[in-house]
Structures are given as structure tokens and as C-alpha cells.
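Chemist: Sharing a structure below in C-alpha cells format, with a few things to ask.
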Amino acid sequence: MRVRRKLPPGASPPPTRRRWRRVAIAASAALAIPFALHGGLNSSAQAAEFGCEVDYSANDWGSGFTANITLNNTGDSAISGWTLTYSYTGNQQLQQGWSGQWSQSGQTVTVQNAPWNGNIAPGASTGFGANFSYSGTNQAPTSFAVNGTTCGEEPVVDPQIIASPTTVALNPGETGTFGLSLSNEPESNVTVSVARTSGDTGITVSGGSSLTFTPANWDTPQNVTLSASASASSSAVITASAPGHESATVAVTVRTGAESEYEQRFLELYDKVMDPASGYFSPEGIPYHAVETLIVEAPDHGHETTSEAYSYLIWLQAVYGRITGDWAPFNDAWDTMEQYMIPGADDQPTNSFYDPSSPATYAPEHPQPSGYPSPLDGNVDVGQDPLANELSSTYGTDDIYGMHWLQDVDNVYGFGNEPGNMCAGGPDSDGPSFINTFQRGEQESVWETVPHPSCDDYDYGGPNGFLDLFIDDEGYAEQWRYTNAPDADARAVQAAYWAKEWAAEQGNSAAVAATVDKAARMGDYLRYAMFDKYFKEIGCSSPSCPAGTGKSSAHYLLSWYYAWGGATDSSAGWAWRIGSSHTHFGYQNPMAAWVLSTDSDLIPDSPSADTDWSTSLDRQVEFYRWLQSAEGGIAGGATNSWGGDYSAAPAGTPTFYGMYYDEAPVYHDPESNTWFGFQAWSMQRLAEYYYATGDAMAGEVVEKWVDWALSETTIGTGGDFSIPSTLAWTGAPDTWNASNPGANNNLHVTVESTSQDVGVAGSFANTLAYYAAASGDTEAQAAAKGLLDAMWFHMDDIGIATPEVREDYERFDDEVYIPAVFSGTMPNGDVIEPGATFESLRTFYHDDPQWSKVEDYLNGGPAPEFEYHRFWAQSDILVAMGVYAELFGE
């Protein structure tokens with residue numbers, strides 16, 4: 001089986017000098033496939049302690065007064081969005097307020113943040129005020145609360161009982177489960193009692209009502225079984241409590257009956273995936289890349305996760321809300337993503353030092369890992385960042401609201417991450433940590449990467465941590481850096497749109513409104529993916545090409561990544577940001593561009609955001625048309641930096657708005673245009689956009705693609721099906737002419753192999769369903785149904801999977817390039833030095849229960865066979881079932 005490359009190249013630019021200087025290197029390639037405190041108080045990768053203090057004074061003139069309030073953040077993480085409440089004891093009446101949204105109900109006054117003062121950094125404050133009238137006495141309020149927490153009170157954060165998931169849905173007459181664990185190791189045994197504390201009496205705790213956790217098993221989830229009687233019809237709250245521990249609550253709902261066979265199948269598979277015993281989720285509720293731990297793809301371990309997986313969880317729960325009317329899981333999915341995968345203020349602490357007129361220092365990319373570390377070159381002009389000031393003004397913060405792409409959920413590598421200090425923790429930390437891999441050019445496959453922490457404080461690696469593996473600098477500085485995968489953020493926005501539409505159809509728009517607002521904000525920051533890496537003008541063919549001004553550096557496509565970083569030392573701060581010069585058709589999302597430019601609830605708040613997304617929408621649809629082969633498949637993409645160093649492309653290379661055609665954008669091992677999954681993923685979005693809008697060019701492209709893809713697909717009986725897998729390309733498209741697009745008679749695709757990849761088949765079925773609904777094509781509808789029916793034959797105890805033979809696992813022995821002068825260690829002691837291999841840097845795999853299969857193969861035995869349960873794949877199948885049920889009602 002091929003290794004599928006995907007996701008951002010990890011572009012986080014490593015090193016930077018200790019003096020004020022901004023540096024960024026290219027994200028190279030990512031290999032393989034795919035994916036705050038709740039309530040918006042904090043969006044750190046680990047929940048951090050919240051604290052607030054309020055200063056109140058009044059300027060009283062007898063019949064009225066001005067209330068002056070200062071809200072101080074005394075916690076250790078940023079407050080991101082706030083609502084302050086307090087009460088008077090007399091007849092004080094609000095007249096007008098400023099610097100916030102003021103309202104009054106009885107004696108209770110509520111103030112919500114204005115768009116520009118919603119973010120309050122640790123130790124910072126914001127002021128606001130209002131005029132009131134009154135008669136009699138005017139006693140000052142004595143208690144203030146922010147987002148439900150009383151200021152001055154110490155919140156209980158440790159120890160806690162942890163429930164996962166926190167919402168459970170049951171069918172009448174059936175059972176379900178959730179898991180419990182403790183947040184900290186107890187000194188002695190702890191008995192947790194579980195009981196229904198409110199709601200439908202037909203919902204009961206039928207197993208696990210009393211669980212004992214010891215100093216040995218405190219972090220191992222134990223299951224609680226819930227039962228719904230045949231007459232149960234509403235909801236209940238289940239509470240898990242123990243002396244000295246903060247309780248956990250689980251919301252339980254009883255479903256109404258599914259309306260179609262495919263909704264019934266959706267719920268059956270959904271229950272398997274969400275069951276804690278199936279193993280798709282961490283104790284925190286984070287979706288793993290896969291249930292199985294021994295799997296090497298873009299993530300190099302199954303219990304890592306990606307921003308992609310988080311976005312699939314949000315999409316999956318949107319479909320669940322459509323079928324059941326229960327929107328709590330959708331909102332919870334976004335909250336989980338915000339809490340763990342969007343770096344919080346503590347995780348990106350020096351953004352205030354960022355200078356948009358000097359975004360980063362240029363470092364050229366190189367084709368081979370052996371070309372690294374890459375020297376910095378301050379003599380190459382970089383352009384201006386046109387988004388930073390607008391975003392800062394709009395949201396009152398310099399922090400980025402976007403997901404980092406890769407996370408070590410179980411801290412397998414041991415880099416660690418502690419609340420309020422992302423550089424702490426080490427191997428003994430239990431929390432998920434931000435990590436990175438790809439950094440070294442188009443030929444760096446996953447088998448040649450050196451995993452490293454997103455916060456490099458030199459605890460591991462060499463004398464300069466991992467920095468001098470990537471950048472050649474005169475002096476290094478401890479730093480943080482993150483890389484965003486734009487297709488994942490765009491998918492989250494896409495899902496939020498459908499959640500909004502489906503909730504509105506149910507008369508329940510308010511249930512998702514707050515989450516939809518957050519999606520719009522994410523779309524605002526996602527515009528960084530529209531810009532050249534170093535903000536150079538589009539049409540660049542030399543390192544000396546002009547630096548961009550305004551938006552002359554925008555290609556308006558969704559590129560492979562955007563990245564940002566800075567110093568960990570706030571007293572000597574600096575920060576940088578980059579876009580990406582490389583664009584792949586597989587990352588485009590015209591559906592997201594459409595809603596971000598036309599939907600009043602999703603148009604971002606920044607003044608120029610709707611115009612940018614409107615331009616991007618047109619550009620993306622044209623991009624598909626430009627890259628469509630004579631047969632119908634979509635070719636690779638384009639770049640504004642040939643070779644990664646702004647070289648001139650070979651004579652005759654076709655162009656698209658000044659960008660060069662690139663047959664295999666970003667990575668070449670394996671080539672990024674060979675996996676059919678990119679075809680299905682990307683065309684699903686175009687077909688969905690065509691369904692929603694009737695756009696003629698989109699419809700023409702999808703129709704031709706569907707005809708080609710179906711001609712290479714077979715669907716038999718008894719679960720037999722075959723879809724394209726590996727593609728080969730020849731030729732090139734015509735240079736783009738918007739007024740007269742070429743026929744691309746010299747661009748061809750052939751299918752070299754087929755597979756039963758269930759995740760790709762799910763996305764393919766989704767594409768066919770939307771196209772069929774938009775066009776009336778009965779063959780496409782029948783094929784969508786046929787694929788869904790065929791996959792149902794491959795159901796097992798925890799999901800849908802088919803066997804995969806992994807011949808590529810011979811590359812466990814691949815040598816990882818390490819410069820001759822570098823020597824260091826991983827947290828577990830694995831040595832990083834010349835001659836190191838993929839395996840020698842990951843000796844933890846030797847303890848994996850599946851390792852013997854790989855070891856036998858490396859010793860001359862047969863290639864190992866696995867049945868993998870990837871979270872994104874189960875989600876793609878589930879979403880396709882929900883979409884088919886919605887569109888055709890069968």
C-alpha cells in the first residue's frame with residue numbers, strides 16, 4: 001500500500017537570532033494521509049487557571065452617576081471573549097454604556113465585550129463604563145462575575161473527575177457508555193459515585209455506579225453504562241462525584257427515531273465510533289489519528305492527531321445535529337478543538353512584537369534534506385503583511401486564531417506541555433503537546449523526518465535544541481512556532497455553515513450561533529493562506545523580485561500552510577509570520593470561500609475579509625478548471641516560488657495568474673498528485689458548492705470529473721468495490737486564459753492501481769451524492785448508494801475497515817539525514833546523530849503490540865497486513881451517509 005502524503009509541511013520556521021529578528025523557513029512536505037477553557041475563557045493547548053479582579057468607582061451627582069469599571073485578568077492565560085455580570089441593591093437604571101454591550105434585567109447588569117476589547121492578556125486589563133439614573137441610595141455592587149466565575153474566588157481545577165465523552169445519546173430501550181478517570185494521581189484510593197441527578201427517570205445508570213481509582217489506575221478510563229427504557233423520551237444529567245474532587249457531569253439525550261435506512265446506519269456507526277471502548281478518543285476527548293498506534297502516514301504515530309481530525313469531528317457532529325436535533329456535541333467539538341488545538345495566548349506569547357512591515361527573514365528551500373540547515377539571507381527583500389493590523393484592530397489581540405496541524409496526544413515522544421507553560425512537562429507530562437516534523441524540502445518523506453517540539457527550549461535535541469537541523473544562523477534563540485493546515489480550518493468553516501443551516505431548519509439557530517461566530521473568526525485568519533510565503537509579488541521568478549505591498553502578494557488560493565512564531569523570552573521579544581508560495585488543488589475549498597464571502601453570519605468581521613474571500617472563490621473555481629486533464633482528473637497545482645527559492649521556471653512552463661504550473665506541489669516522496677484521495681476530498685467541496693449555488697463552471701468541472709472517476713470504478717455485490725488509488729500524470733495544462741480557457745489536450749491522467757480505501761470511498765460517495773442532487777444524474781446517485789452499501793459489508797466491532805498490506809514499512813530502516821556536526825538526544829534517550837534511522841529515533845515502537853509484524857518484515861518476512869480504523873475515514877463514511885439521507889431521503 002502506498003504512503004499517502006498530506007497536511008502541511010510543518011512549515012514552522014525554526015531558528016532566529018537572539019537580537020530582534022524575524023525568521024521563517026519553508027514548510028517542506030508532509031507525508032501521508034490524513035485530521036480555552038470551555039466557554040471561550042482560554043484557548044490554550046492545556047486548560048489554564050482563570051482569574052479576574054474588578055475595580056469599580058462611581059461619579060455620583062445625586063440623581064444619577066457614571067459607573068467606571070476596570071476588568072483585570074489575574075489568571076495565567078488570556079481571556080478571549082468576556083461577559084461581566086453584577087447586581088445593584090437599589091433602583092439604579094441603565095441609561096447608556098460604552099466600550100461594551102450593556103444591558104439590564106431587574107437589578108442585574110450585564111456587559112459583553114466590544115469587538116476590539118474581547119481579548120485580555122494575563123496581567124492586562126480593559127476599562128468600560130455607563131451612565132445610570134437612580135433615587136434614594138446608591139450602594140456600590142459587591143460581587144462581579146466574568147463568564148460565570150466570580151472574581152476573587154479561586155476556581156477548583158485540581159483534582160477533577162474527567163468524563164469522556166460529556167454527551168451521550170441513547171435509543172429507547174438500548175444502552176450506551178462513557179468513560180471516567182481522574183486528573184491527578186491520588187494519595188489513596190478514590191471511590192467515584194455515579195448517579196442520575198436530574199431529568200428523565202427512564203434514563204438510569206445500569207453499570208459502573210461505583211468505581212474505585214487507585215494510585216496505579218487513576219488515569220485509565222473506567223466505563224459507566226447507561227440504559228434508556230422503552231418509554232424514555234427526553235434527557236437527563238448524570239453526575240460523577242467523589243470527596244475532594246470536582247464532579248463531572250454527562251448530558252444524556254434520548255433520540256427520536258431515524259427517518260431513513262441511511263440515518264439508521266449513521267447512528268449505528270456513530271455509536272461505535274463515539275464509544276470510549278472503541279479507542280478513537282483520548283481521555284480529553286481528542287480524536288486520535290487512528291485507533292491503532294502502529295501506523296506511519298503524515299502523523300508518524302497513530303495516537304498523534306491533526307487539525308484535520310478535529311475538523312472532521314466538527315463536521316461529523318454537525319451531521320449528527322441534523323439527524324437528532326442535538327447540537328451540544330457540535331458545540332463541544334468546536335470547544336475541544338479551541339481548547340487543545342488552537343494555541344492559546346500562553347502558547348504564542350510574543351505576538352505583540354510582530355512587525356507587519358518585516359514579517360520574516362528569507363531562507364531558501366532545498367530539494368533534499370541534505371541541503372539543510374538553510375542559511376538565512378537578510379539581503380532578500382520580503383513584502384509587507386497586509387492582514388496583521390486589520391486583524392489586531394478587529395479582535396483586540398495580536399494572537400492568531402487558527403489550528404496548529406500536529407499534536408502528540410499521549411505525549412509519546414515526551415516533549416511535554418503543561419498549563420501556562422508550553423515549554424514544560426517533559427516525558428512525565430500527561431497532556432497533549434504541539435509537535436512538528438516536516439521541515440526540509442520536497443524530498444523529505446515522513447521516513448526522513450526528525451520530530452521536534454513546537455516550543456524549543458533546548459531541553460532536548462542538541463545544544464541549540466533542534467533548530468540547527470533546519471536553519472543556519474549566527475546565533476539561536478529559544479522559540480515557539482506553529483503551522484496551520486488551511487484545508488482543515490476551511491473544513492471546520494464548511495461544517496459550521498451546514499450546522500447553521502440545519503439548526504435553522506429545526507428552528508434552533510440560537511443553539512449554534514456562538515460557534516458559528518467563532519468559525520467566521522477562524523475564516524478571517526485563514527486569509528494568511530492566500531499570500532506568498534515571504535509576501536513577494538505574484539509572478540516572482542527571482543529572489544530579487546519585488547516585495548509585495550498592499551495585497552499584491554496574494555494569490556487568493558488556499559496554499560499548503562501558513563505559519564507563525566516568535567521568541568519565548570518576552571523581555572527580548574520578536575515574532576514572525578509567513579504564508580506559502582505553493583498551492584495544491586487538493587486544499588481548495590470553494591464552499592468555505594462562498595460562505596465566508598456571502599453569508600451574513602459567516603462573513604468575518606475584518607473590513608476587507610468578504611472582498612478577499614469573494615476574490616478567492618472565483619480564483620479557486622478557475623484553478624480547478626485550469627488543472628482539469630483531458631480525461632477529467634485534476635492535476636497538481638501552482639507555485640510562486642519555483643524550487644522554493646524563487647528561481648525562474650523552465651521555459652514554456654504554463655502559468656496561472658503569474659504562478660507556475662507544478663505537477664507535484666510541495667513534496668515528491670511520494671509525489672503529491674498521485675493519491676486519488678486528494679481528488680475525492682477536493683471535488684466533494686466543489687460538488688457541494690455546485691449544489692448550493694448552481695455555478696456553471698463548477699458544474700462543468702464536476703460533471704467531467706465524475707464521468708472519469710466512475711469509468712475507473714467498479715461496484716459489485718457482497719461488499720465488493722474498487723476505486724482509483726494511485727494516479728500517473730503526463731503533459732501540462734494550457735496557460736490560463738480566463739476569457740477563453742484552454743482544452744488541456746496535452747494534460748493526461750491514468751489510473752495505475754485501485755483500492756478499497758473506505759475513507760476515500762466515503763468522500764467519493766459524498767461527492768457523487770451532491771453532484772447527483774444538483775444535476776439529476778441517476779448514475780451518480782446509484783454509484784453513491786452502491787459505495788455506501790458496499791462499505792457496510794466491512795463493518796466490524798468498532799467501525800468500517802478493509803485489509804491493507806504495508807510494503808512501505810520497509811522504510812522503518814531508512815536513514816534520516818543528520819548533519820555531521822549535529823549530535824543530540826530525544827526525550828527518551830534515542831540518539832540523534834549521523835546514521836540515525838526512522839526506527840532508531842522512535843524506539844518506543846519496539847513496545848507496540850503490533851511491532852513483531854513489522855520486525856518480521858524487516859527481517860525478510862512478508863509485508864505486514866493491518867486493518868486500520870482512522871478517525872477521518874470513519875467520519876468521511878458517516879458524513880456521506882448523513883448527506884445521502886438528507887439529499888435523497890432513502
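The values are calculated or read from the model by the stated rules, or taken from the named source; none is laboratory data. These numbers come from a predicted model, not from an experiment. No Cβ is skipped: glycine too gets one built from the backbone with ideal geometry, and neighbour counts run over all protein chains shown.
Chemist: Hey, can you tell me all the residues within region 651-662 that are in a loop (DSSP other than H, G, I, E, B) and surrounded by 19 or more Cβ atoms within 10 Å (Cβ to Cβ)?
Modeler: Pro654
Chemist: Out of Glu478, Glu505, Glu474, which single residue is in contact with a Gly (Cβ under 9 Å, 6 or more places away or on another chain), surrounded by fewer than 24 Cβ atoms within 10 Å (Cβ to Cβ) and at negative phi?
Modeler: Checking each option against the conditions leaves just Glu478.
Chemist: Another question about this same structure. Tell me which residues, restricted to region 224-263, are modelled with pLDDT of 85 or more and acidic (Asp, Glu).
Modeler: Within region 224-263, Glu246, Glu261, Glu263 qualify.
Chemist: Applying the selection to region 684-724, what residues are in contact with a strand residue (DSSP E or B) (Cβ under 7 Å, 6 or more places away or on another chain) and more than 20 Å from Gly637 (Cβ to Cβ)?
Modeler: Correct list: Glu712, Thr713, Thr714, Ile715, Phe721, Ser722, Ile723.
Chemist: Filter region 79-99 down to the residues that are of a type outside the set (Ser, Thr, Tyr) and either at positive phi or in contact with a His (Cβ under 7 Å, 6 or more places away or on another chain) (or both) and list them by number.
Modeler: Gly81
Chemist: Next up: Which of the residues belonging to region 341-369 are more than 20 Å from Ala424 (Cβ to Cβ) and hydrophobic (A, V, I, L, M, F, W, C)?
Modeler: Of everything in region 341-369, those that are more than 20 Å from Ala424 (Cβ to Cβ) and hydrophobic (A, V, I, L, M, F, W, C) turn out to be Phe353, Ala360, Ala363.
Chemist: Considering region 744-779 alone, what residues qualify as being in contact with a Gly (Cβ under 6 Å, 6 or more places away or on another chain) and part of a strand (DSSP E or B)?
Modeler: Leu747, His748, Val749
Chemist: Pull up region 317-355, narrow it to residues that are assigned to a helix (DSSP H, G or I), over 21 Å from Gln264 (Cβ atoms) and of a type in the set (Gly, Ala, Ser), then point me to the one that is modelled with the highest pLDDT.
Modeler: Filtering region 317-355 for residues that are assigned to a helix (DSSP H, G or I), over 21 Å from Gln264 (Cβ atoms) and of a type in the set (Gly, Ala, Ser), the one modelled with the highest pLDDT comes out as Ala333.
Chemist: Residues in region 339-355: is at least one within 30 Å of Pro165 (Cα to Cα) and touching a helix residue (DSSP H, G or I) at 6+ places or on another chain (Cβ under 6 Å)?
Modeler: Yes; the residues of region 339-355 include at least one that is within 30 Å of Pro165 (Cα to Cα) and touching a helix residue (DSSP H, G or I) at 6+ places or on another chain (Cβ under 6 Å).
Chemist: While we're on this one: Scan region 772-791 for residues that are touching a strand residue (DSSP E or B) at 6+ places or on another chain (Cβ under 7 Å) and surrounded by 21 or more Cβ atoms within 10 Å (Cβ to Cβ) and jot them down.
Modeler: Correct list: Ala783, Leu787, Ala790, Met791.
Chemist: Filter region 69-82 down to the residues that are surrounded by 17 or more Cβ atoms within 10 Å (Cβ to Cβ) and hydroxyl-bearing (Ser, Thr, Tyr), then identify the one that is nearest to the chain's Cα centre (by Cα).
Modeler: Ser80
Chemist: Run down Ser352, Ser370, Ser358, Ser393 and say which single residue is in contact with an Asp or Glu (Cβ under 7 Å, 6 or more places away or on another chain), small (Gly, Ala, Ser) and surrounded by fewer than 24 Cβ atoms within 10 Å (Cβ to Cβ).
Modeler: Ser352
Chemist: Now for a different question. If you take just the strands (runs of 3 or more DSSP E) that sit entirely in region 157-207, which of them hold at least 3 residues that are modelled with pLDDT under 90 and surrounded by 14 or more Cβ atoms within 10 Å (Cβ to Cβ)?
Modeler: 167-170
Chemist: Here are Pro724, Pro665, Pro741: which of them is of a type outside the set (S, T, N, Q) and part of a strand (DSSP E or B)?
Modeler: The conditions single out Pro724.
Chemist: Looking at (1) under 30 Å from Gln112 (Cα atoms); (2) modelled with pLDDT under 90; (3) of a type in the set (Ser, Thr, Tyr), find the lone condition where Ser143 falls short.
Modeler: With respect to (1) under 30 Å from Gln112 (Cα atoms); (2) modelled with pLDDT under 90; (3) of a type in the set (Ser, Thr, Tyr), Ser143 is out only on (2).
Chemist: For the list (1) within 17 Å of Pro299 (Cα to Cα); (2) assigned to a loop (DSSP other than H, G, I, E, B), I need the number of the one condition that Trp447 fails.
Modeler: (2)
Chemist: Considering only residues that are of a type outside the set (A, V, I, L, M, F, W, C) and at pLDDT below 90, which ones fall in region 73-82?
Modeler: Thr74, Gly75, Asp76, Ser77, Ser80, Gly81, listed by residue number.
Chemist: A further question follows. Taking the stated definitions as given, is Pro724 modelled with pLDDT of 95 or more, closer than 30 Å to Ser542 by Cα and buried (at least 24 other Cβ atoms within 10 Å of the Cβ)?
Modeler: In short, no.
Chemist: Is it true that some residue in region 823-844 is over 31 Å from the mean Cα position of the chain (by Cα) and in a helix (DSSP H, G or I)?
Modeler: no
Chemist: Could you tell me how many of the residues in region 436-465 are under 18 Å from Glu839 (Cα atoms), of a type in the set (A, V, I, L, M, F, W, C) and in contact with a strand residue (DSSP E or B) (Cβ under 7 Å, 6 or more places away or on another chain)?
Modeler: Of the residues in that region, 1 qualify.
Chemist: Please go through region 603-647 and give me each residue that is out of contact with any helix residue (DSSP H, G or I) (no Cβ under 6 Å at 6 or more places or on another chain) and part of a strand (DSSP E or B), ordered by number.
Modeler: Of everything in region 603-647, those that are out of contact with any helix residue (DSSP H, G or I) (no Cβ under 6 Å at 6 or more places or on another chain) and part of a strand (DSSP E or B) turn out to be Ala638, Thr639, Trp642, Ser647.
Chemist: Quick check, is Gly431 surrounded by fewer than 19 Cβ atoms within 10 Å (Cβ to Cβ) and of a type outside the set (Asp, Glu)?
Modeler: no
Here is a yes/no grid of residues against (1) surrounded by fewer than 21 Cβ atoms within 10 Å (Cβ to Cβ); (2) more than 30 Å from Thr212 (Cα to Cα):
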{"residue": "Ala240", "(1), (2)": "no, no"}
{"residue": "Pro243", "(1), (2)": "yes, no"}
{"residue": "Ala248", "(1), (2)": "no, no"}
{"residue": "Ala251", "(1), (2)": "yes, no"}
{"residue": "Gln264", "(1), (2)": "yes, yes"}
{"residue": "Glu268", "(1), (2)": "yes, yes"}
{"residue": "Lys272", "(1), (2)": "yes, no"}
{"residue": "Glu297", "(1), (2)": "no, yes"}
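Chemist: Where the second residue is part of a helix (DSSP H, G or I) and the first is of a type in the set (Val, Ile, Thr) and lies in region 507-525, which pairs have Cβ atoms under 6 Å and are six or more apart or on separate chains?
Modeler: From residues that are of a type in the set (Val, Ile, Thr), the pairs are Val512/Ala499; Val512/Lys500; Val512/Ala503; Thr515/Asn331; Thr515/Trp334; Val516/Ala496; Val516/Lys500.
Chemist: So, one more: For region 533-556, enumerate the residues that are crowded, with 17+ Cβ neighbours inside 10 Å, under 31 Å from the mean Cα position of the chain (by Cα) and in a loop (DSSP other than H, G, I, E, B).
Modeler: Lys533, Tyr534, Phe535, Glu537, Ile538, Cys540, Gly548, Lys551, Ser552, Ser553, His555, Tyr556
Chemist: Now a separate question. Take region 850-887 and flag every residue that is surrounded by fewer than 20 Cβ atoms within 10 Å (Cβ to Cβ), more than 29 Å from the chain's Cα centre (by Cα) and assigned to a loop (DSSP other than H, G, I, E, B).
Modeler: Hits for region 850-887 are Asn859, Gly860, Gly861, Pro862, Ala863.
Chemist: Out of region 557-584, which residues are among the β-branched types (Val, Ile, Thr) and either surrounded by fewer than 24 Cβ atoms within 10 Å (Cβ to Cβ) or in a loop (DSSP other than H, G, I, E, B) (or both)?
Modeler: The one that is among the β-branched types (Val, Ile, Thr) and either surrounded by fewer than 24 Cβ atoms within 10 Å (Cβ to Cβ) or in a loop (DSSP other than H, G, I, E, B) (or both): Thr568.
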